[in-house]
1. Right, residue 41: within 16 Å of ligand 2 (Cβ to nearest atom) and surrounded by fewer than 22 Cβ atoms within 10 Å (Cβ to Cβ) or not?
2. If you go through segment 147-169 one residue at a time, how many are hydrophobic (A, V, I, L, M, F, W, C) and crowded, with 23+ Cβ neighbours inside 10 Å?
3. Which of the following residues is more than 16 Å from ligand 1 (Cβ to nearest atom), at pLDDT 90 or above and not hydroxyl-bearing (Ser, Thr, Tyr): 61, 127?
4. Checking residue 143 against (1) within 16 Å of ligand 1 (Cβ to nearest atom); (2) surrounded by 15 or more Cβ atoms within 10 Å (Cβ to Cβ), only one condition comes out false. Which one?
5. Given the criteria more than 16 Å from ligand 2 (Cβ to nearest atom) and either over 27 Å from residue 99 (Cβ atoms) or out of contact with any helix residue (DSSP H, G or I) (no Cβ under 9 Å at 6 or more places or on another chain) (or both), does residue 61 qualify?
6. Residues of segment 144-165 being more than 15 Å from ligand 2 (Cβ to nearest atom), within 13 Å of the chain's Cα centre (by Cα) and outside any loop (DSSP other than H, G, I, E, B), which ones?
7. Looking at residue 51, is it within 16 Å of ligand 1 (Cβ to nearest atom), under 24 Å from residue 185 (Cβ atoms) and modelled with pLDDT under 95?
8. Take residue 38 and decide whether it is outside any strand (DSSP E or B), over 16 Å from residue 149 (Cβ atoms) and within 10 Å of ligand 1 (Cβ to nearest atom).
Amino acid sequence: MIEVQQLTKRYGSTLALDGLSFRVEPGRVTGFLGPNGAGKSTTMRALLGLDRPTSGRALIGGRRYDELSRPLCTVGALLEARAMHGGRTVHGHLLGLARSNRIPDERVGEVLETVGLADVAHKRAKGLSLGMAQRAGVAAALLGDAQVLLLDEPVNGLDPEGILWIRGLMRHLAGEGRTVFVSSHLMSEMALTADHLIVIGRGRLLADTSVEDFVARN
Ligand code: ADP
Ligand code: ADP
């Protein structure tokens with residue numbers, strides 16, 4: 001489960017997050033909705049220990065990311081900024097991630113099957129289409145069989161088939177009881193994907209509600 005408590009982040013004179021608090025429950029897809037610049041990526045980066053908040057806390061399973069002993073086995077993430085190194089093959093990249101998290105090598109083949117990349121696993125990452133690169137990122141997120149998944153704008157740049165695929169995958173992962181937290185700036189996308197919504201604007205919480213209620217009121 002994810003818990004953000006009074007999270008504040010300043011970049012110089014920009015207040016990116018302004019005392020943001022919410023929880024994300026397991027067993028459903030929670031959409032993180034807000035316009036560009038609202039603070040979604042900043043929140044995701046704080047949860048993943050990539051950015052130090054100015055104040056407040058961002059916890060996964062009650063712990064800070066840097067306190068996790070095998071991070072990839074607790075939380076899997078798809079972030080644009082975490083694109084794969086171009087020179088490595090998808091297989092090589094995943095194998096490195098697996099070994100640094102003490103995940104068995106066999107798991108790499110399994111996740112490559114899950115995301116439909118088994119055939120291109122030995123191509124260099126820089127030769128992949130955007131859709132394939134997104135699938136490779138999803139494979140990395142699934143590698144540790146984590147109960148918590150963070151996906152920052154996962155449908156960006158995907159073709160229609162890829163969008164349907166990733167929606168189905170998120171529904172499936174939530175159905176298994178996992179915590180799925182997915183950001184988007186598109187209400188239309190969230191209405192089709194999420195059960196619950198955390199809505200933010202200018203770094204503040206605007207709504208924490210079911211998708212049905214949000215659609216009925218807006
Ligand atoms: P979103 O993901 O919702 O589009 P961001 O979290 O990327 O929003 O950005 C929130 C605010 O913080 C924006 O005003 C953005 O310009 C600013 N910001 C984000 N990252 C940085 C950074 N590294 N340096 C300065 N400002 C930043
Ligand atoms: P390095 O890039 O120095 O080898 P890491 O071992 O932390 O550092 O990460 C290797 C690559 O694995 C990163 O460039 C990133 O693409 C990817 N990565 C790391 N952690 C995650 C994660 N939680 N989810 C998805 N990809 C990740």
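The values are calculated or read from the model by the stated rules, or taken from the named source; none is laboratory data. Treat the numbers as computed from the prediction; the structure is a model and nothing was measured. FYI the Cβ positions are ideal-geometry reconstructions off the backbone, even for glycines, and counts take in every protein chain you see.
1. yes
2. Of all residues in segment 147-169, those hydrophobic (A, V, I, L, M, F, W, C) come to 148-151, 155, 158, 163-166, 169.
Still in the running and crowded, with 23+ Cβ neighbours inside 10 Å: 149-151.
Residues that pass the stated criteria total 3.
3. 61
4. It is condition (1) that residue 143 fails.
5. No: the conditions fail for residue 61.
6. At the first step, the residues of segment 144-165 found to be more than 15 Å from ligand 2 (Cβ to nearest atom) are 155-165.
Narrowing further to those that are within 13 Å of the chain's Cα centre (by Cα): 155-156.
Correct list: empty.
7. Details: within 16 Å of ligand 1 (Cβ to nearest atom): yes; under 24 Å from residue 185 (Cβ atoms): yes; modelled with pLDDT under 95: yes.
Yes; evaluated as a whole, the condition is true for this residue.
8. For residue 38, the condition - outside any strand (DSSP E or B), over 16 Å from residue 149 (Cβ atoms) and within 10 Å of ligand 1 (Cβ to nearest atom) - is met.
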